[in-house]
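Reading through the structure tokens given below for one structure.
Values quoted throughout were computed directly from the atomic coordinates according to the rules given, and no laboratory measurement underlies them. It should be emphasised that the depicted structure is a prediction, and the values quoted were computed from it without experimental measurement. Here the Cβ is made from the backbone with ideal geometry for all residues, glycine too, and neighbour counts use every protein chain on show.
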Ligand SMILES: C[S@@+](CC[C@H](N)C(=O)[O-])C[C@H]1O[C@@H](n2cnc3c(N)ncnc32)[C@H](O)[C@@H]1O
């Protein structure tokens, strides 16, 4: 935002946390994250989303083993809901910048007996190419990126070899709850237009 007053120009620009700052913040939040998700209804909402997806035939659900990559997996709530509602034999690769979130994800996925691997990496530079994925999923991660298009581009790249569907639509929307989350976590909010614009720019 920029304003001009006479001979003066004033500008205000968002400052995003660095990757190191963000991973430290999530390392500290990891202990209580999963419980908070449950209390706030996110775990239920994730299951409900996948339940609706199940009826769309967008995913090859009848395959014996689905392979998916969850970008910004956190404590694996979105992936666990996927396995529960779509296919319990799913093999999950979880990517995140926070080692503590990944540790919790590993523990919870192991408890649920879901085949998985976790990888500490920035979604903006994913360290793999041929993954033969059936889907790339992501919940509430893109809003942390100063340029969401960078993350979307990488997710599309790793989904390309088999033209896997890219499902990255779970983002924080504009509104009072979104604004409160934004103040606390330094994230951005999306509306339909800004999210579509980020997706369109990746090609
Ligand atoms: C709001 S949490 C969401 C976690 C999980 N998807 C869920 O729904 O509970 C955002 C997650 O994205 C991770 N994250 C943020 N920026 C990232 C990046 N550039 N690359 C990979 N992970 C990132 C954070 O460490 C955190 O675990």
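Using C-alpha pairs below 8 Å separated by at least 6 residues, the relative contact order for segment 13-83 is 40 percent. Shape class for segment 37-137: oblate, because the ratio a/c of the largest to smallest gyration tensor axis (alpha-carbon atoms, square roots of eigenvalues) is 1.5 or more and b/c is at least a/b. Among 82, 5, 53, 128, the ranking by other beta carbons within 10 Å of each residue's beta carbon, starting with the fewest, stands as 5, 128, 53, 82. Axis angle, to the nearest 10 degrees, between helix 42-54 and the longest C-alpha principal axis of the chain: 60 degrees. Counting only alpha carbon atoms, the long axis of helix 19-40 and the longest principal axis of the chain meet at about 60°.
Multiplying the residue separation of residue 183 and residue 121 by 0.36 nm and subtracting their alpha-carbon distance yields 19.8 nm. The angle separating the long axis of helix 192-201 from the principal Cα axis of greatest extent in the chain is about 80 degrees.
The residue 55 and residue 25 beta-carbon pair, evaluated with R₀ = 22 Å, returns a calculated FRET efficiency of approximately 0.05. Once you have a ≥ b ≥ c as the square roots of the Cα gyration tensor eigenvalues for the chain, tell me rounded if a/c is under 1.5, and otherwise prolate or oblate according to whether a/b is larger than b/c. Taking the square roots of the gyration eigenvalues as a ≥ b ≥ c, the chain is prolate.
Cβ-to-Cβ counts within 10 Å put 71, 189 in ascending order as 189, 71, the fewest first.
The separation of segment 45-60 from segment 108-134, counted between C-alpha centres, amounts to 20 Å.
Our helix-only sum for the chain, with -39,500 (n - 2.57) per DSSP H run of n ≥ 4 divided by its residues, gives a mean residue ellipticity at 222 nm of -14000 deg cm²/dmol. Fully extending the segment from residue 14 to residue 146, taken as 0.36 nm per residue of separation minus the present Cα-Cα distance, adds 46.6 nm.
Applying 0.36 nm per residue to the separation of residue 111 and residue 129 and subtracting their alpha-carbon distance, the gain on full extension is 3.6 nm. For the chain, the relative contact order works out to 18 percent when only alpha carbon pairs closer than 8 Å and six or more residues apart are counted.
With a Förster radius of 35 Å applied to the beta-carbon distance between residue 36 and residue 156, the computed FRET efficiency rounds to 0.70.
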